[in-house]
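Here is the structure we will look at.
The values are calculated or read from the model by the stated rules, or taken from the named source; none is laboratory data. Quick caveat: nothing in here was measured; it's all calculated off a predicted structure. So basically every Cβ, Gly included, is an ideal-geometry build from the backbone, and we count neighbours across all protein chains shown. Surface areas here come from the heavy atoms of the whole protein model, side chains and all, with no ligands, DNA or RNA. Shrake-Rupley method; radii C 1.70, N 1.55, O 1.52, S 1.80 Å.
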Amino acid sequence: MHAFQYLRAADIDEAVRLAAAPGRPETRVRFLAGGTTLVDLMKLDVETPAYVVDINGLGLDQVEILADGRARIGALVSNADLARHPHIARHYPALSQALLAGASAQLRNMATTGGNLLQRTRCVYFRDRAARCNKREPGSGCDAIGGHNRNLAVLGGSPHCIATNPSDMNVALMALDATVHVHGARGPRDIALRDYFLLPGDTPERETALRDGELITHVTLPAPRPGTHSTYLKLRDRASYEFALASAAVVLQSDAERIVAAGIALGGVGTRPWRCPAAEQLLVGQAPDAGRYAQAAHAALRDAVPQSQNGFKIELARRCLAHALSMALPPH
């Protein structure tokens, strides 16, 4: 591990000031919460910050229900506390289920909401300093293309990167239309989660829309809507402590006969948590139907591009999504 300077922030403004202090290159500053990803990557010399700013004293560790019904989740709320929060478990079950499907109980006790939004890929080439990886070292190449890519993306890849986003939580947040609230040197701003994660394109090293030195402070979820059903389904090689080969977060709002709104996102198959508008459009205005669910699942994977070892993910993800839809709102 490279030497670094450890700093501790007392409030949000100080955290931002520490990250943007004169002579302190912002790209070499990292905020520390639970550390379940950052510290691992520092040990591997993948992350080599010159400054680490501890933000655990900022008090961003509460879930609040706002007057308009939205849920406001602090960036330092642990995955365990968020999953077990009564309001989240009751009104946003897909999020609770996604959190409980991730990692181990020990890691969920430490991992945070903000940290999960910054979680980096588990691609073996990204984590191996001896391998070529455009995400870790822009312009070096991508050993995953034509290499060991069984666990990597079939959606959203580019000639420069096919690494998957590993998070379960982020897939559920994507289906739920979450908003990320950040604070930086230019002040606060809000980023819709649909715009927060970037496709790799020619710049796979840029994973999010965050500016240098910006701090995630909260995430908000829209107010619960009557007649909403949601679920999260994760398929993996073993039943626990494993990343998804394919997963699906489904949020369906229905009246007595038809689906009136839909939010669908896939995990394990995309370079970012993968929202599926084509699948959603096929469902809105339709009665819950197994055949319609299968059509939506095919539409969600229509643009999939398999690599040398992961073509099986396309059919796996289709079946995962179709089953998740049936779980959330059983066919009539």
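Place a point 7 Å from Cα of Ala261 in the direction of its Cβ. Which residues in the stretch 280-296 have their backbone N less than 16 Å from it?
Residues 280-281, 283-286 qualify, since their backbone N sits under 16 Å from the label point.
Taking a ≥ b ≥ c as the square roots of the eigenvalues of the Cα gyration tensor of the stretch 131-266, is the shape rounded (a/c under 1.5), prolate (a/b larger than b/c) or oblate?
Oblate.
Output wanted: per-residue J couplings in Hz (rounded whole) for the stretch 146-151, from phi through Karplus 6.51 cos²θ - 1.76 cosθ + 1.60, θ = phi - 60°, x for Gly and Pro.
x, x, 7, 10, 3, 8
Which of rounded, prolate, oblate describes the stretch 5-56, given a ≥ b ≥ c as roots of the alpha-carbon gyration tensor eigenvalues and a/c under 1.5 marking rounded, otherwise prolate only if a/b is larger than b/c?
Oblate, because a/c is 1.5 or more while a/b does not exceed b/c.
In whole angstrom, note down how far apart the Cα centers of the stretch 97-122 and the stretch 301-332 are.
That distance is 23 Å.
What residue among Asp255, Asp81, Asp13 shows peak mean-square fluctuation when the chain is described by a Gaussian network model with Cα springs under 10 Å?
Of Asp255, Asp81, Asp13, the most mobile in the Gaussian network model is Asp255.
Please list, or write none, the lysines whose alpha carbon is within less than 28 Å of the alpha carbon of Lys234, excluding same-chain residues fewer than 8 places away.
Lys135, Lys313
What's the magnitude of the charge dipole for the chain around its Cα centre, counting Lys and Arg as +1 and Asp and Glu as -1 at the beta-carbon? Answer in Debye, nearest 20.
500
Name the residue, out of Ala80, Ala50, Ala33, whose mean-square fluctuation peaks in a Gaussian network model built on the chain with Cα pairs under 10 Å.
Among Ala80, Ala50, Ala33, the largest GNM mean-square fluctuation belongs to Ala50.
May I ask you to list the aspartates and glutamates whose Cα is less than 15 Å away from that of Lys43, ignoring any residue fewer than eight positions away on the same chain?
Of all the aspartates and glutamates, those that pass the test against Lys43 - Cα under 15 Å, at least 8 places apart if same chain - are Asp128.
Taking 0.36 nm per residue of sequence separation and subtracting the Cα-Cα distance, how much length would be gained by fully extending the chain between Ala89 and Glu137, in nm to one decimal?
13.3 nm
Quote the charge dipole size of the stretch 228-328 about the Cα centre in Debye, to the nearest 20; the model charges only the Cβ of Lys and Arg (+1) and of Asp and Glu (-1).
260
Between Gln62 and His2, what FRET efficiency follows from the Cβ-Cβ distance if R0 is 35 Å, with the result rounded to 0.05?
0.55
If one computes the Cα centroid of the stretch 200-225 and of the stretch 1-62, what distance in Å separates the two points?
About 17 Å separates the Cα centre of the stretch 200-225 from the one of the stretch 1-62.
Top to bottom by accessible area (1.4 Å), largest first, where do Tyr241, Tyr196, Tyr125 land?
The ranking, largest first, comes out as Tyr241, Tyr125, Tyr196.
Determine the shape class of the stretch 228-328: with a ≥ b ≥ c the square roots of the Cα gyration tensor eigenvalues, call it rounded for a/c under 1.5, and otherwise prolate if a/b is greater than b/c, oblate otherwise.
Taking the square roots of the gyration eigenvalues as a ≥ b ≥ c, the stretch 228-328 is prolate.
From the protein chains alone at 1.4 Å, what is the descending order of accessible area for Lys135, Lys43, largest first?
In descending accessible area the options line up as Lys43, Lys135.
Just add up the charged neighbours of Pro222: K/R +1, D/E -1, any other residue whose Cβ is under 11 Å from the Cβ of Pro222. The partial results should precede the final answer.
Working: positive: Arg70, Arg225; negative: Asp68, Asp177.
With Lys, Arg at +1 and Asp, Glu at -1, the net is 0.
Take the Cβ-Cβ distance between Arg129 and Asp212 as r, set R0 to 25 Å, and report the resulting FRET efficiency rounded to the nearest 0.05.
E(calc), rounded to 0.05, equals 0.60.
With every protein chain in place, what's the accessible area of Phe312 (1.4 Å probe, Å², nearest 10)?
80
Evaluate E = 1/(1 + (r/R0)^6) for Lys43 and Asp289, where r is the Cβ-Cβ distance and R0 equals 45 Å; express this FRET efficiency to the nearest 0.05.
0.35
With a 10 Å cut-off between alpha carbons and a GNM built on the chain, which of Ala304, Ala163, Ala244 moves the most?
Ala304
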